[in-house]
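Right, one structure below, let's go through it.
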Amino acid sequence: MSTDDAPADRPDIAPAALPAGYAFRGLGPGDLRAVLDLDTWAFPSPHALDDLERLPSPLTWSRTVGVEADGTDGLAAMHSSYPFARFPVPGGELPVAGLTWVGVHPQHRRRGILRAMIDLHLGRCRERGEPVSALFAAEAAIYGRFGYGRAAHDLRLAVPRGAALREVPGAAEHTVRVEHATRQAHGELVDRVHRAAGAAPGGVTGVNRPGWATRETPELQAHFWEDAPMFRGGQESRRIVVVERDGQPRGYALFRRSLEWEPTGPRGTVRTGEVVALDAAAARALWGVLTDLDLTTQVHPFMLPADDVVSHLLADPRAADQRLADNLWVRVVDVPAALAGRRYAADVDVVLGVGDARVPANAGTWRLRAEAFGEATCERTEDPADLELDVRELGAAYLGGTSLASMAAAGQVVERSPGTLAAASAAFGWPLAPVCSWVF
């Protein structure tokens, strides 16, 4: 693909213009080594290319684009995206592009290449009918200027072994399996329980977990289950705890342990991947296992929802050293499709004045109407705006985890019609915190 193939002539998107001497090119499996080489330039790695090349690639090649420079071997830059056809948004699912593998070689930085790649990505999202783009930001300061807003946080903990947990009826009725984790033995189970947990978190029906993306492609599944020793960081191979009730899986936790021997005795650490349960009793059974493994002193879960059940189960939450980290960043690519594609937690009838420097078709005033948890409509209007905000703040609020009112308090949302901010902020919120349980 050259710059001539980029959708620069479309009136609803900004042009994807590279600087002189650079050209876009679609990438394929034969470019894997060049992709890995660029990736290790953008994100330094101690691993040899030969070793990295043997691992399954998560990339969807039809969505992977490189940038080449005249007179230079290899890639100057690249980006890709994952096709999430069933990405959870408040009260529903939408096709979403998971922007990923964005990198520029150090020799080619500060020349506008990233800007051109983002413009191309946003244009292709609109062409594919993907009204939202989402990503994990390696550097948080970069993506706001392209309209991405911080839409979700995740909870990081350090739970001491033996931490007292509140009792939950039915927890003791679960059986436990602790096994080596493999795709052959556990792939279907993990996928099924993970999807169910996003559809009705904690068994609460009627509301979903926004952002709870599943690994939809075969490439993502193969990459997820690869357990290469070079990425274990001195820990053991991947293990899994499965809790079952009446023979049916109700939760799982993926984990690794490490162990150090000190004069005072063994100091083991449990580091988990996903910890997923379908109801409170299963969660209590699962955490009961994780906090009582022999020779360990602490459990470090990774990327829990900000409102995860464990924060309510701990008798002493202060003992767990809780902190939040930014999780998903969201970019609204098609305002009417995105806003009509989700549900709202309260009745709403508001005119939003949206600014968008990169996708001019989004800019202007939009009337959003919906009854609580019912279908929504969003249409362009000539009416004056009740609230004014940039597309960045719209993305931050989109999954229901960032309050419009809190952003207004920081001067990032402006209320033009008195009384509309509080109502719209309540409507955009969601009963459960958004999160993605894995980094893409």
How many residues, within the stretch 144-191, are basic (Lys, Arg), in a loop (DSSP other than H, G, I, E, B) and surrounded by fewer than 15 Cβ atoms within 10 Å (Cβ to Cβ)?
1
What pairs come up if the first residue lies in the stretch 99-111 and is closer than 19 Å to VAL330 by Cα and free of Cβ contacts under 8 Å to residues at least 24 places away in the same chain, the second is open to solvent by less than 30 Å² (accessible area, probe 1.4 Å) and in a strand (DSSP E or B), and their beta carbons are under 6 Å apart, counting only those six or more places apart or on different chains?
none
What about SER57, is it of a type in the set (S, T, N, Q), assigned to a helix (DSSP H, G or I) and within 18 Å of LEU99 (Cα to Cα)?
no
Specify which of the listed residues (LEU387, LEU404) is within 21 Å of the chain's Cα centre (by Cα) and crowded, with 22+ Cβ neighbours inside 10 Å.
LEU404
Subset of the stretch 224-247 [part of a helix (DSSP H, G or I) and crowded, with 17+ Cβ neighbours inside 10 Å]:
PHE224, TRP225
Being in a loop (DSSP other than H, G, I, E, B), under 20 Å from LEU328 (Cβ atoms) and either under 24 Å from the mean Cα position of the chain (by Cα) or not aromatic (Phe, Trp, Tyr) (or both), is that true of even one residue in the stretch 365-384?
no
Candidate set: the stretch 418-440, residues that are in contact (Cβ under 8 Å) with a residue 40 or more places away in the chain and hydroxyl-bearing (Ser, Thr, Tyr); chosen: the one nearest to ALA213 (Cα to Cα):
SER437
Could you count how many residues in the stretch 120-130 are open to solvent by less than 40 Å² (accessible area, probe 1.4 Å) and more than 12 Å from VAL332 (Cβ to Cβ)?
3
Evaluate the stretch 68-75: report whether one residue or more is assigned to a loop (DSSP other than H, G, I, E, B), crowded, with 21+ Cβ neighbours inside 10 Å and in contact (Cβ under 8 Å) with a residue 60 or more places away in the chain.
no
Yes or no: ALA141 out of contact with any strand residue (DSSP E or B) (no Cβ under 7 Å at 6 or more places or on another chain), aliphatic (A, V, I, L, M) and under 30 Å from GLY355 (Cα atoms)?
yes
Out of SER81, SER133, sole residue that is buried (at least 24 other Cβ atoms within 10 Å of the Cβ), within 18 Å of the chain's Cα centre (by Cα), within 26 Å of GLY400 (Cα to Cα) and without any contact (Cβ under 8 Å) to a residue 60 or more places away in the chain
SER81
For the stretch 310-326, name all the residues that are hydrophobic (A, V, I, L, M, F, W, C) and in contact with a Lys or Arg (Cβ under 8 Å, 6 or more places away or on another chain).
LEU313, LEU314, ALA315, LEU324, ALA325
Just checking: which of the strands (runs of 3 or more DSSP E) contained wholly in the stretch 261-346 hold 1 or more residues that are surrounded by fewer than 19 Cβ atoms within 10 Å (Cβ to Cβ)?
265-277, 296-300, 323-326
Could you please give the count of residues in the stretch 21-51 that are part of a helix (DSSP H, G or I), open to solvent by 30 Å² or more (accessible area, probe 1.4 Å) and within 20 Å of ILE118 (Cα to Cα)?
3
Kindly evaluate GLN248 against the criterion of being within 23 Å of ASP191 (Cα to Cα) and without any contact (Cβ under 8 Å) to a residue 40 or more places away in the chain.
yes
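The values are calculated or read from the model by the stated rules, or taken from the named source; none is laboratory data. On a predicted model such as this, the values are computed, not experimentally measured, just so you know. Methodologically, a virtual Cβ is constructed for each residue, glycine included, from the backbone with ideal geometry; neighbour enumeration extends over all protein chains shown. Just so you know, the surface numbers come from the protein's heavy atoms only, side chains and all, with ligands and any DNA or RNA stripped out. Shrake-Rupley method; radii C 1.70, N 1.55, O 1.52, S 1.80 Å.
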